[in-house]
1. If packing is taken as the average number of other Cβ atoms within 10 Å across a peptide's residues, how do 9-19, 70-80 rank, most packed first?
2. For a bin width of 5 Å, list the pair-distance distribution of the range 14-82 built from all Cα-Cα distances, rounded to whole %.
3. Between residue 119 and residue 93, what's the calculated FRET efficiency when r is the beta-carbon distance and R0 is 35 Å? Round to 0.05.
4. Multiplying the sequence separation of residue 108 and residue 31 by 0.36 nm and subtracting their Cα-Cα distance, what value in nm do you get?
5. Normalising by the residue count of the chain, find the relative contact order in percent from Cα pairs under 8 Å and 6+ residues apart.
6. Peptides 108-116, 26-34, 46-54: what's the order by average Cβ count within 10 Å, highest mean first?
7. Could you look at the range 22-97 and say what percent of its accessible area is carbon and sulfur, using a 1.4 Å probe and all protein chains?
8. Using Cα pairs under 8 angstrom and six or more residues apart, how large is the relative contact order of the range 22-97, in percent?
Amino acid sequence: MTGASKPTMAQYNCLNCPGYCCSYPVIPLTKRDVERLAKYFKLKYDTAKKRFTREGHGHKYLMRRKGDKHYGRICQFFDTKERRCTIYHARPSTCRAYPGSGRCGYYDFLMHERRCQNDDTFVAITNHKD
Ligand code: SF4
Ligand code: SF4
């Protein structure tokens, strides 16, 4: 969810990653996250809720997604050309917290695959369980 990386502490760098975590099928939002999006886009709460979220997987608010050439589906707010979040300052709390300090499993996998392929643009694919 592009952006939790702190290069001096973390063992991953989201700037070198095509944004795998933004393709997770379940990106839950809180009511506060929806309020933040509504404010950011200058929309009424109900409009933001309808436009940006859907119910599913036991969650009242799930991030809507769109097509992506690498991962199939990805967050609606992801720039699929620049491979980055377009609402960084208004992104949901889940995105802010992910993946925590330390390591990102996908980043380790990606770097390993890129070394093996000798290709620093290689995009490693792994299936979500949904
Ligand atoms: S809001 Fe931004 S950081 Fe969060 S999943 Fe979407 S594109 Fe990624
Ligand atoms: S998968 Fe990991 S390295 Fe890639 S954008 Fe997400 S947190 Fe950053």
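1. Going by the mean number of other Cβ atoms within 10 Å, highest first, we get 70-80, 9-19.
2. 3, 18, 25, 21, 18, 11, 3, 0
3. 0.50
4. So the extension gain works out to 24.4 nm.
5. Rounded, it is 32 percent for the chain.
6. Ranking, from highest mean packing down: 26-34, 46-54, 108-116.
7. Here it works out to 50 percent.
8. That works out to 36 percent.
The values are calculated or read from the model by the stated rules, or taken from the named source; none is laboratory data. These figures come from a predicted structure and were not determined experimentally. Because the Cβ atoms are built from the backbone with ideal geometry, glycine has one as well, and the counts that use them run over all protein chains shown. Remember, those area values only see protein heavy atoms, side chains included, never the ligands or the DNA or RNA. Shrake-Rupley method; radii C 1.70, N 1.55, O 1.52, S 1.80 Å.
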